[in-house]
Amino acid sequence: MFASDLIRDKPWAEGLNQEQSAAVHHDGGPLLVVAGAGSGKTRTLVARVARLIDTGVPAERILLLTFTRRASSEMLRRVDHLVNRQTAGRVWGGTFHGISHRLLRRFSPAVGLAEGFTILDQADSEAMFGMLRAERGLGEKGMRFPKKETIAAIYSRVVNQQAKLDEITSKHFPWCSEHVDPIRQLFRDYTARKREHNVIDYDDLLLYWRALLESPAADAVKGMFDHVLVDEYQDTNRIQADILAGMCTTAQPTVVGDDAQAIYGFRAAEVENMWEFESRFTGTKRITLDQNYRSTPQVLAVANAVIAEAETGYEKNLWSVRQDGAKPGLVTCHDEPTQAEYVCEQVLARREEGVALRDQAVLFRTSHHSAGLEVELGRRNIPFVKFGGLKFLEAAHIKDLTSMLRIASNPDDELAWNRVLQLIPGIGPATARRLQRKSVAKAEVDNCSVIEAFCELEIPVPAEARPILSELQAALRDVVVEPEMPPAAQIDRLGQFCELVFDRRYEDSVVRLGDIAQLGKMASPHRNRTTFLADMALDPPNSTSDLAGPPHLDDDYLILSTIHSAKGGEWRAVYVIHASDGNIPSDMSLGEPGGLDEERRLFYVALTRAKDHLSVTVPQRFYHRRFGGDSAHSYAPPSRFVEPARGLFEEATAAPSVESAAAMTLVTDQDVVGDFLESLWG
């Protein structure tokens with residue numbers, strides 16, 4: 001048997017096409033895989049990792065970087081199956097931020113970071129900026145000053161794009177340009193406060209990893225890996241590209257991505273990282289995957305025509321060996337209610353044809369675009385699940401509990417103390433800060449921990465609050481005194497305090513306590529509190545459904561999703577709604593450099609989610625309320641992105657139903673009540 005026959009017999013080599021096989025077997029230099037939508041990039045990446053292990057590369061010397069921990073776990077599970085032994089668990093797999101956290105737990109002294117640090121999530125960062133903003137009285141000087149959320153967004157963009165504050169504000173936040181000097185001072189305060197309380201934020205994780213590569217620990221960190229593989233490379237920012245270059249002075253880099261699906265510029269992602277890879281890594285081999293395994297030729301023809309108009313990017317033309325399917329539909333609707341009716345009719349018709357609701361998805365540019373559709377779905381008793389809402393960990397009651405865990409891990413965490421102490425009736429922001437300072441001072445005098453000092457403080461509170469305060473002190477003492485207590489047990493213990501507080505604080509306390517119980521279940525696989533908190537900050541669940549599995553619905557459920565949240569998904573039938581100029585592309589994005597091309601790529605991502613059926617709907621008429629309270633109707637043409645593919649669609653018009661048409665004849669612009677009131681005071 002020849003060596004080539006032995007290779008073909010390997011499970012990871014089965015079914016690979018010529019280009020995929022070339023990527024899997026490449027040796028001897030940097031590799032760039034330009035993977036078109038639905039071209040099997042995950043399979044290719046999995047097979048490459050499996051092949052490296054199977055040919056003798058120690059699993060622990062492979063670093064696999066993905067953009068979600070879930071994606072990494074799934075890839076490594078598949079690798080483990082392919083190599084048929086329990087080795088994949090030794091591969092360093094995770095997100096850039098997650099891997100940075102692992103490295104910093106080992107090498108933090110090399111970059112001046114104290115052990116025991118905790119991580120601020122986005123909401124925590126905003127809260128700290130809010131505290132600092134209030135301390136400087138910036139919202140009280142007779143002028144409108146940017147809110148904490150805006151300040152945090154400016155900070156994150158400055159850090160991730162490695163650009164000057166003045167440049168970022170003038171380009172992306174021009175209404176804040178007159179406040180640059182106080183914002184600059186807030187950034188200095190923020191940096192100092194984080195160091196003072198031994199906390200770092202999400203962006204710091206990348207900065208510290210890059211700093212590690214220039215620290216006394218640089219050789220040790222760089223020497224840990226022989227191969228570094230990066231998924232979704234088109235979505236990396238400048239710091240991540242610098243980290244890859246620093247890690248690969250000796251290791252071999254492999255990056256996989258699709259520049260036609262680069263849609264996260266608003267998060268400071270730079271598709272230029274992918275375009276510049278070959279110049280940054282000399283001797284790069286580029287392989288293009290353009291055989292699509294997902295969609296019919298008719299769907300791909302539309303997608304190819306749309307993306308061909310992009311001004312920059314790698315040339316690729318997706319093709320499929322699938323049988324011909326129906327032409328995608330381009331449906332002009334009279335107005336938004338007509339669009340909602342049409343989509344519901346199509347969804348139900350597909351269901352009768354055997355396409356389950358969960359195999360169908362409605363995609364839209366912005367979350368509020370689905371509002372009218374959600375009403376119509378409810379009227380027709382069509383269950384749905386929507387993606388793109390409030391993150392689970394941003395919910396107030398979850399923040400309450402995780403703040404207590406953070407105090408137990410890092411008693412210097414000012415934000416966590418501030419939140420937890422204000423759960424006690426009678427304690428406000430000023431008292432909370434004073435109690436924390438008193439606890440720190442008492443700990444220094446008594447030579448004990450801050451939590452022990454807090455538990456011994458005599459705190460004057462109203463009579464009804466004393467049992468709640470006592471329970472908080474007891475709960476914190478219990479989770480700290482027993483260091484071996486599993487995180488799930490700690491959550492259960494702290495949940496007893498939550499039971500006392502939530503009844504007073506929240507109307508739906510039973511539901512919120514149920515979420516706390518689900519959080520405890522999620523913590524059960526974790527060995528310690530520190531790793532659990534880090535995982536929650538670095539890769540938070542979107543909702544309780546991420547904790548408990550798919551939603552429990554009686555029959556089935558339709559998927560509603562923003563296009564950004566749909567990236568990576570695929571469905572047998574896809575409906576792209578509100579495809580009119582001003583919505584797709586969003587008129588808010590057209591002022592940005594490269595904004596139009598990113599909006600085109602976003603539309604392309606939506607189109608390429610469809611396997612068998614694709615419908616694009618264009619409502620001609622919009623009803624909205626202008627600033628000042630006046631109501632108006634607006635009209636918009638089809639998206640400019642549709643025009644290059646116009647001849648590839650089956651065009652149709654959707655008219656209002658008889659019921660809707662009858663209702664529209666009753667609409668009047670006359671404000672009867674307003675006219676009557678005006679007669680009283682006019």
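Checking the cross-link filter: which aspartates and glutamates have an alpha carbon closer than 19 Å to that of Lys442, excluding same-chain neighbours under 8 positions apart?
Partners found: Glu196, Asp412, Asp413, Glu414, Glu452, Glu456, Glu458.
If you roll a 1.4 angstrom probe over the protein chains with everything in place, what fraction of the accessible area of the chain belongs to carbon and sulfur, to the nearest %?
Its accessible area is 50 percent carbon and sulfur atoms.
Inverting the mean 1/r over all pairs of different Cα atoms, compute the Kirkwood radius of segment 387-495 and quote it in Å.
On the way: mean 1/r = 0.0689 Å⁻¹.
It works out to 14.5 Å.
For segment 81-172, state which chymotrypsin sites (Phe, Trp or Tyr not before Pro) are in a DSSP loop and have at most 16 other beta carbons lying within 10 Å of their beta carbon.
none
Of Met131, Leu538, Leu244, whose Cα points farthest to the positive end of the dipole of the chain (charges on the beta-carbon: +1 Lys, Arg; -1 Asp, Glu; origin at the Cα centre)?
Towards the positive end, the residue furthest out is Leu244.
How far apart, in nm, are the 7 Å Cα→Cβ label points at Ala356 and Gln185?
It is 6.0 nm.
Which is the longest stretch in the chain that no exposed loop site breaks, taking sites as GluC sites (Glu not before Pro) with a DSSP loop state and at most 12 other Cβ atoms within 10 Å?
Counting only loop sites that pass the neighbour cut-off, the longest clear stretch is 508-682.
Would you mind pulling out the separation of the Cα centroids of segment 471-543 and segment 254-273, in Å?
36 Å
Using Cα positions and a limit of under 19 Å, work out the lysines in reach of Lys285, with same-chain residues fewer than 8 apart set aside.
Lys41, Lys316
Quick one: of Lys521/Lys567; Lys147/Lys386; Lys386/Lys567; Lys194/Lys222; Lys148/Lys194, which pairs are farther than 19 Å apart, Cα to Cα? It would help to have the intermediate numbers written out before the result.
Working: Lys521/Lys567 28 Å; Lys147/Lys386 28 Å; Lys386/Lys567 14 Å; Lys194/Lys222 28 Å; Lys148/Lys194 16 Å.
Where the Cα-Cα span goes over 19 Å, the pairs concerned are Lys521/Lys567; Lys147/Lys386; Lys194/Lys222.
Efficiency by 1/(1 + (r/R0)^6): what FRET value for Arg195 and Glu309, r their Cβ-Cβ distance, R0 = 41 Å, to the nearest 0.05?
Calculated transfer efficiency: 0.25.
With the Cα gyration tensor of the chain in hand, give its eigenvalues times 5 under a square root as the equivalent ellipsoid semi-axes, listed largest first in whole angstrom.
Values for the chain, descending: 42, 38, 25 Å.
Using just the alpha carbons, could you tell me how many Å³ per residue the convex hull of segment 229-381 encloses? Kindly include the intermediate steps, with their values, before the conclusion.
Working: hull volume 25.4 nm³, N = 153.
Hull volume normalised by residue count: 166 Å³.
Can you show me the helix-derived [θ] at 222 nm for the chain, built from DSSP H runs with n ≥ 4 at -39,500 (n - 2.57) apiece and divided by the number of residues, rounded to the nearest 500. Provide the component values of the computation, followed by the final result.
Details: 30 runs with 325 residues, N = 682.
Rounded to the nearest 500, the figure is -14500 deg cm²/dmol.
Mind computing the radius of gyration and Dmax over the alpha-carbon atoms of segment 562-614? Å is fine for both.
When restricted to the Cα atoms of segment 562-614, Rg and Dmax are 11.6, 35 Å.
Once you put a point 7 Å from the Cα of Lys438 and another 7 Å from the Cα of Lys147, both along the Cβ direction, what distance in nm separates them?
3.4 nm
With r defined as the distance between the Cβ atoms of Glu14 and Arg504 and R0 fixed at 56 Å, what FRET efficiency is calculated, to the nearest 0.05?
0.40
Just for the chain, what percent of DSSP beta bridges are antiparallel, to the closest 5?
10 percent
With the other protein chains left in place, how much accessible area per residue, in square angstrom, belongs to segment 164-203 at a 1.4 angstrom probe?
52 Å²
Could you work out how far apart the two model spin labels at Arg286 and Ala652 are, taking each label as a point 7 Å from the Cα in the direction of the beta carbon, and quote it in nm?
Placing both labels 7 Å along Cα→Cβ, they lie 4.1 nm apart.
The values are calculated or read from the model by the stated rules, or taken from the named source; none is laboratory data. Just so we're clear, the structure is a prediction, and the values are computed from it rather than from any experiment. As a convention, Cβ positions derive from the backbone with ideal geometry for all residues, glycine included, and neighbour counts pool all protein chains shown. SASA here: full protein model, heavy atoms, side chains in, ligands and nucleic acids out. Shrake-Rupley method; radii C 1.70, N 1.55, O 1.52, S 1.80 Å.
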